[in-house]
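Handing you a structure now.
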Amino acid sequence: MKNLNCAGTIVDLSTPRVMGILNVTPDSFSDGGQYGSLDAALAHAENMIRQGASFIDIGGESTRPGAAAVSLDEETRRVIPVIEALRKRDIPAVISIDTSKPGLMQRAVEAGAGLINDVCALTEAGAVELVSQLQVPVCLMHMQGQPRTMQQEPYYNNVVSDVYQFLAARVDSCVQAGIAKERLLIDPGFGFGKTVEHNLSLLKHLSDFNHMGLPLLVGLSRKSMMATILDKTVDNRLAGSIAAACFALMNGAAIIRAHDVDETMDAIKMYTAMTNAD
């Protein structure tokens, strides 16, 4: 699948793209509280677009391990004004809504979002049925358990095959509900109910997920696995994030979800130049 139709905006995925992260939360693991005001959120979004982001992924509820749940009203209050303001500015990027709540998915698409990024893979009640009517793409991510408890001794028979089978089943459920396969993306969910060893195994075998024939979104930016491997604080994981992104690109990732858009774009440009060389 080379083109993704995001509510009328066509994104060419024959070249890897960057999804810039915009958390309008007080408690996200990396940048919580930095972009809580509308002005700060808009300035950061526009800066990431200048740096080359094709998607701006807006999240109003932290999904870090142990994060507190947020009500629909509060999550809506945080994200809808940002989406509406970016839409009014006619930004040259697709607005993505990072949520698992069907009610917010609908509000966000009505406000101008062109993609849904759901860490629960549309398993919430009514989510599949709603998205089948919204006519925008959706990214289905794997997560074992819930954010509050997902890192409490996660277990798999085989992490690669277990995650693959889960995503394949969710794809089938979506297609049966009337969601065209051309509107689906998949994400193995690095760090969501997985140990460092699980994450490394998924990354090593990432190319297996290409067999589904769907765009592969990968989010490894600043993840806690780097704290274990590199002994680096969250603000000092750029090199590790770029290394992981490059490995993901080599194994078929179509979209890299990143905090550091400028540096990730440089990595993609170098990767593209090398792969296109004679």
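Enter the Cα centre distance for the pair the range 173-204 and the range 60-101, rounded to the nearest angstrom.
Their Cα centres are 21 Å away from one another.
Moving to a separate point now. If R₀ is 22 angstrom, what is the calculated FRET efficiency for the pair ASN158 and ALA243, using the beta carbon separation as r and rounding to 0.05?
That pair, ASN158 with ALA243, gives E of 0.30.
For the chain, which longest stretch is free of loop sites, where a loop site is one of the trypsin sites (Lys or Arg not before Pro) that DSSP puts outside H, G, I, E and B and that has at most 14 other Cβ atoms within 10 Å?
Maximal segment without exposed cleavage sites: 149-278.
With a 10 Å cut-off between alpha carbons and a GNM built on the chain, which of HIS44, HIS259, HIS142 moves the most?
Checking each option, the largest mean-square fluctuation is seen for HIS44.
Here is a further query. Could you compute the net charge surrounding ARG77? Neighbours are other residues with a C-beta less than 14 Å from the C-beta of ARG77; K and R count +1, D and E count -1.
-2
Which of the lysines could a cross-linker span from LYS88 if the Cα-Cα distance has to be under 18 Å and same-chain partners fewer than 8 positions apart are dropped?
Partners within reach: none.
So what is the relative contact order of the chain, in percent, for Cα pairs below 8 Å that sit 6 or more residues apart?
19 percent
Can you tell me the length gained on complete extension of the stretch GLU124 to GLU110, counting 0.36 nm per residue apart and subtracting the Cα distance?
3.1 nm
Evaluate the distance, in nm, between pseudo-label points positioned 7 Å from the Cα of LYS181 and of THR275 along their respective Cα→Cβ axes.
A separation of 2.1 nm, rounded to one decimal place.
Under the 0.36 nm per residue contour assumption, what length would be gained going from the current alpha-carbon distance of GLU74 and HIS211 to full extension?
45.4 nm
Arrange SER173, SER132, SER241 by Cβ neighbour counts within 10 Å, fewest through most, would you?
SER173, SER132, SER241
Show which aspartates and glutamates lie in cross-link reach of LYS232 when reach means a straight Cα distance below 19 angstrom and same-chain residues fewer than eight apart are skipped.
Partners found: ASP31, GLU197, ASP260, GLU263.
Please identify the GluC sites (Glu not before Pro) of the range 63-172 that satisfy two criteria: DSSP loop assignment and at most 12 other Cβ atoms within 10 Å. Which are they?
none
Right, here's the next one. Give the aspartates and glutamates whose C-alpha is closer than 13 Å to that of LYS101, dropping any in the same chain fewer than 8 places away, or say none.
By straight Cα distance, LYS101 reaches GLU61, ASP73, GLU74, GLU75, ASP118, GLU124, GLU129.
Residue-wise, which Karplus ³J(HN,Hα) couplings in Hz belong to the range 185-195, taking 6.51 cos²θ - 1.76 cosθ + 1.60, θ = phi - 60°, and x for glycine or proline?
The phi angles translate into 10, 10, 9, x, x, 4, x, 9, x, 8, 7 Hz.
Summing +1 for each Lys or Arg and -1 for each Asp or Glu, what net charge is found among the other residues whose Cβ lies under 10 Å from the Cβ of PRO188?
-1
Among THR99, THR25, THR76, which comes first, then next, by fewest other beta-carbon atoms within 10 Å?
THR76, THR25, THR99
Rank the residues TYR271, TYR155 as a footprinting-exposure proxy: fewest other Cβ atoms within 10 Å of their Cβ go first.
With the sparsest Cβ surroundings first, the list reads TYR155, TYR271.
Antiparallel versus total DSSP beta bridges in the range 3-272: what percent is that, nearest 5?
For the range 3-272, the DSSP antiparallel bridge percentage is about 10.
In square nanometres and to one decimal, what's the mean projected area of the convex hull around the Cα atoms of the range 130-278?
Averaged projected hull area, Cα only: 10.2 nm².
What span do the alpha-carbon atoms of the range 3-272 cover on each of the three principal axes, reported in whole Å from largest to smallest?
44, 42, 39
Using a 7 Å offset from the Cα along the Cα-to-Cβ direction at both GLN146 and THR9, what is the distance between the two label points in nm, to one decimal?
Inter-label distance under the simple model: 3.3 nm.
Could you give the nm distance between label points at ASP231 and SER173, where each point is 7 Å from its Cα heading toward the beta carbon?
For ASP231 paired with SER173, the spin-label model returns 4.3 nm.
Read the figures in this text as sums done on the coordinates, not as results from a lab. If you're wondering where the values come from, they're calculated on a predicted model, not measured in any experiment. Backbone-built Cβ (ideal geometry, glycine too); neighbour counts: all protein chains shown.
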